[in-house]
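Contents: one structure, followed by commentary.
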Amino acid sequence: MAGFYLGVFALSLTVSFLLTRQVRRLAVAQGWLAVPTVDRHLHRMPVPRLGGIAIFSAFLFSIATALLVNARLHKLPSGLSAQSFSTILFPGLLIFLLGVFDDLRGLGPYVKFSVQALAGGMLFLGGLRILDLPIVFGAHQFPWFVGLPLTVLWVLAITNAFNLIDGLDGLAAGSALFSTLVVFVVALVSQSSLVALMTIALAGAILGFLRFNFNPATIFLGDCGSLFIGFLLSALALEGAQKAPTIVAVAIPVVSFGLPILETALSVLRRLISGRPVFTADREHIHHKLLQRGLSHRQVVIVLYAVSALFGLVSLFLLWPTGSSLGLVLAVLGTGIWLGVQHLGYLEFGELRRVALRTMEQRQIFVNNLAIRRATEELKKIRDYEQLCRVLVAAFEANDFDGFRLTVKLLPNEHSVIDLVRLSQRQQENIYFDWQKAGTVTFGDSLASWQLTLDLVTTSNRRRGFLTIHRLYTQRGLQMDVNHLTSIFPVALADALDRILGQEAEFITEQDASVMVAEAG
């Protein structure tokens, strides 16, 4: 049996190696080249595409040869026939032709998804389907109208996951090779001859092609290659699930396809968080991030090969499941993925982390917001300038600002008020009041800080000065609702100043008038 599989692998590898040269020559002659036209393209010169033709042809040839040999020598269990392969090969052919057309003419995402969904439906009708998820839902079996969309979703996810990571020379093919070998090992353990034969043939075809696709690549995989490989692996995982134990059937394929699944999940989440269309291309993929950190093209590919191999190795621990093995594997992978994503420095996830931290700090935000709202209500009632200053200090001494300056614009009839205001100082025709937190260095040109200036305009549209709020540059978040601070609070402060200073001016004027009458008497 081992010799039979080794022969299929060697045949597929040899045919793929020879055919890749011919396909590359044909692609150059026909002008089927991938021309770098946008910034996200990392190659600088036109490179032949359609390398998937060599992989598909080598895979098909080796499978056909294996079936002919098996018909004579009976190396594989009985019941294995061309008909059992057709359930996967016919929809696989549809996906391959879809990729060829996309490479030559180009297709929109919705057309591609529709054809892929059709191929997933063909698998479902052929008996390769998801009808239960025992790890999540126990022994409950789904009806067909639930199992069909789940099956199609699985096919769409894995098919496009391998297509999505096809951004560096040899990356998609190499990652698929590791995943294929894992599925092959699982098939041997579960004694699924069909899956074992198809995966070993696919592994040979990928390895033969990879000789020409590794950096610097002389031919690209193309959509016909990446889509076909992704679809075939998704179908083989469904086929293998029919015979494997529950944990093997569900967990191992997901873990072994870890890199493309992770890339897909990150891409979708990033675009949703940033409000961009999910199908928008960008330069924020994992391999782009590693390139931005100074690694060379080849170094990035080798690092991601190691990541793919690690996913595959960890998934094999689930072949002998114990009560805690799944939890341990998920914990290790979850920790590794979390640390890796943090190291890549995605801005979207940094913002998500900031929002999460802000949610945890909600109590302090409530306290700060209430201080400003309470000051707003008190400003509507106070009749004394010194009391106004104390209200401002009380509002800001417990929040995340470090100081403020209140600059009050005096009207012509209010200049006499200056001498009565003990807490403030005179500045030309204005008065101002400064405050800063205890222990804070005096604000000035040499102090690293930022400031927010609020214009103080009354409800009657009269300017009464401005309030400048200072904050030192710091890592701590600003834990308050700035909208209330910048909209309602300045109006209440302006109205309070207008009311207080106007009353003081009237009072002084009345006193002066009384004095003049007394002197005249």
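Can you work out which of the residues in the stretch 198-221 that are touching a strand residue (DSSP E or B) at 6+ places or on another chain (Cβ under 8 Å) and closer than 12 Å to residue 171 by Cα is modelled with the lowest pLDDT?
In the first step, residues of the stretch 198-221 are kept if they are touching a strand residue (DSSP E or B) at 6+ places or on another chain (Cβ under 8 Å); the result is 217-220.
Restricting the remaining residues to those that are closer than 12 Å to residue 171 by Cα gives 217, 220.
Values: 217: 88, 220: 92.
Here the residue is 217.
Residues are listed down the side, and each one gets a yes or a no for (1) surrounded by 11 or more Cβ atoms within 10 Å (Cβ to Cβ); (2) modelled with pLDDT under 80:
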| residue | (1), (2) |
| --- | --- |
| 483 | no, no |
| 490 | yes, no |
| 507 | yes, yes |
| 511 | yes, yes |
| 514 | no, yes |
| 517 | no, yes |
In the stretch 167-196, the residues that are among the hydroxyl-bearing types (Ser, Thr, Tyr) and either surrounded by fewer than 24 Cβ atoms within 10 Å (Cβ to Cβ) or not in a helix (DSSP H, G or I) (or both): 190, 192, 193
Every pair of residues 6+ apart whose Cβ atoms lie under 7 Å, when the first sits in the stretch 206-220 and is closer than 11 Å to residue 51 by Cβ while the second is modelled with pLDDT of 90 or more and charged (D, E, K, R): 212/24; 218/24; 219/24
The stretch 224-279, subset in a loop (DSSP other than H, G, I, E, B) and closer than 18 Å to residue 166 by Cα, residue modelled with the highest pLDDT: 257
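Restricting to the stretch 1-48, what's the tally of residues that are among the aliphatic types (A, V, I, L, M) and either closer than 16 Å to residue 225 by Cβ or at pLDDT below 85 (or both)?
Number satisfying all stated conditions: 15.
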Output for the stretch 462-497, where each listed residue is part of a strand (DSSP E or B), within 22 Å of residue 450 (Cα to Cα), touching an Asp or Glu at 6+ places or on another chain (Cβ under 6 Å) and not hydrophobic (A, V, I, L, M, F, W, C): 470, 471
Yes/no for residue 467 being modelled with pLDDT of 85 or more, surrounded by 14 or more Cβ atoms within 10 Å (Cβ to Cβ) and closer than 22 Å to residue 496 by Cα: yes
Test for residue 436: is it over 20 Å from residue 378 (Cβ atoms) and modelled with pLDDT under 75: no
Given (1) buried (at least 24 other Cβ atoms within 10 Å of the Cβ); (2) in contact (Cβ under 8 Å) with a residue 40 or more places away in the chain, number of the condition residue 199 does not satisfy: (2)
Positions within the stretch 280-300 being under 18 Å from the mean Cα position of the chain (by Cα) and either in contact (Cβ under 8 Å) with a residue 60 or more places away in the chain or assigned to a helix (DSSP H, G or I) (or both), in sequence order: 281, 282, 283, 284, 285, 286, 287, 288, 289, 290, 291, 292
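Okay, residues lined up against (1) under 23 Å from residue 221 (Cβ atoms); (2) modelled with pLDDT of 85 or more:
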{"residue": "86", "(1), (2)": "no, yes"}
{"residue": "89", "(1), (2)": "yes, yes"}
{"residue": "92", "(1), (2)": "yes, yes"}
{"residue": "96", "(1), (2)": "yes, yes"}
{"residue": "100", "(1), (2)": "yes, yes"}
{"residue": "124", "(1), (2)": "no, yes"}
{"residue": "130", "(1), (2)": "no, no"}
{"residue": "135", "(1), (2)": "no, no"}
Options 408, 391, 417; residue that is at pLDDT 75 or above and either exposed (fewer than 13 other Cβ atoms within 10 Å of the Cβ) or part of a helix (DSSP H, G or I) (or both): 391
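The values are calculated or read from the model by the stated rules, or taken from the named source; none is laboratory data. Owing to the predicted nature of the structure, the values given are computational and were not obtained by experimental measurement. Quick reminder, even Gly has a Cβ in these numbers, built from the backbone with ideal geometry, and neighbours come from all protein chains shown.
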